[in-house]
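Undergrad: Attaching a single structure in structure tokens format; questions to follow.
The values are calculated or read from the model by the stated rules, or taken from the named source; none is laboratory data. Since we're looking at a predicted model, the values are computed, not measured. Neighbour counts are summed over all protein chains in view; Cβ atoms, including those assigned to glycine, are modelled from backbone coordinates with ideal geometry. SASA here: full protein model, heavy atoms, side chains in, ligands and nucleic acids out. Shrake-Rupley method; radii C 1.70, N 1.55, O 1.52, S 1.80 Å.
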Amino acid sequence: MFYRRAGLKDLELLNQILYDSEKYWNHDKIYMAGFASLYRLTEKYLAESIVWIMEADGTIIGFFCIKPAAEAHELDYFYIRRDRIGEGFGRRLWQHLQQVCRDQGISRLTWVTDPGALPFYLKMGAWEIGWTRSKINGKRLIPKLEYILPLE
């Protein structure tokens, strides 16, 4: 397993993983069209955020993005390739995310997620702090989460 910061050359593949992995939750075409228009990594986003990639045998397996904020940084993206979900890569990427947060002096993360991913994040130690309306489908409620990094 190898971890590295994302670069411009990674944008196309990261966006493909982002889209394909979101489809894992069996969203319909209308939802996915809205997702594709709202959620996309850009050069500007890479420059302003903390973006790390996990690779195995030269293949990108997953990535996460942390968007800096004054009070609590936001875990903006955390995705594993759709064909590798369920193989333990999420836990390994989470462990790397914890190390990156410690290295950056980040002690608290907040984010929203698909309800299907909620059990994973709860197992990793996050907790549910509320629900909010989806930006894609305002009738759909999605969980808001928080994670406080444990002391070493």
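Undergrad: Would the chain count as rounded, prolate or oblate if I go by the C-alpha gyration tensor, calling it rounded below 1.5 in a/c and otherwise prolate when a/b exceeds b/c, oblate otherwise?
TA: rounded
Undergrad: Would you look at the GNM of the chain, springs on alpha carbons closer than 10 Å, and say which of Gly125, Gly90, Gly138 moves the most?
TA: Highest fluctuation among the options: Gly138.
Undergrad: From the square roots a ≥ b ≥ c of the eigenvalues of the alpha-carbon gyration tensor of the range 1-66, which class results: rounded (a/c under 1.5), prolate (a/b over b/c), or oblate?
TA: oblate
Undergrad: With a cut-off of at most 16 other beta carbons within 10 Å, and DSSP calling the residue loop, which chymotrypsin sites (Phe, Trp or Tyr not before Pro) in the range 28-119 qualify? Please list them.
TA: Listed in order of number, the matching sites are Tyr39.
Undergrad: Select from Thr59, Thr110, Thr42 the residue whose mean-square fluctuation is largest in a Gaussian network model of the chain (Cα-Cα springs shorter than 10 Å).
TA: Of Thr59, Thr110, Thr42, the Gaussian network model singles out Thr59 as fluctuating most.
Undergrad: Right, here's the next one. Please give me, ordered by residue number, the GluC sites (Glu not before Pro) of the range 1-102 that lie in loop per DSSP and have at most 15 other Cβ atoms within 10 Å.
TA: Here the sparse-neighbourhood loop sites are Glu71, Glu87.
Undergrad: From a point 7 Å beyond the Cα of Lys139 in the direction of its Cβ, which residues of the range 1-39 have a backbone N at a distance under 17 Å?
TA: Backbone N within reach: 27-35.
Undergrad: Turning to a different aspect of this structure: Identify the trypsin sites (Lys or Arg not before Pro) of the range 50-152 meeting these criteria: DSSP loop state and at most 12 other C-beta atoms within 10 Å of the C-beta.
TA: Lys139
Undergrad: I've got another one for you. Remind me, relative contact order of the range 5-53 in percent, using alpha carbon pairs under 8 angstrom and six or more residues apart?
TA: Relative contact order here is 67 percent.
Undergrad: Is the shape of the range 83-152 rounded, prolate or oblate, going by the alpha carbon gyration tensor and its root eigenvalues a ≥ b ≥ c, with a/c under 1.5 for rounded and a/b larger than b/c for prolate?
TA: oblate
Undergrad: Still on this model: Only Cα pairs under 8 Å and at least 6 apart count here; give the relative contact order of the range 1-107 as a rounded whole percent.
TA: Normalised by residue count, the contact order of the range 1-107 is 26 percent.
Undergrad: A follow-up question, please. Starting at the first residue of the range 45-56, write each ³J(HN,Hα) from the Karplus equation 6.51 cos²θ - 1.76 cosθ + 1.60 with θ = phi - 60°, in whole Hz, x for Gly and Pro.
TA: Per residue, the Karplus-derived 3J(HN,Hα) values read 4, 4, 5, 9, 10, 9, 10, 10, 10, 10, 10, 9 Hz.
Undergrad: While we're on this one: Within the accessible area of the chain, what % is carbon and sulfur when the probe is 1.4 Å and the other protein chains stay in place?
TA: 50 percent
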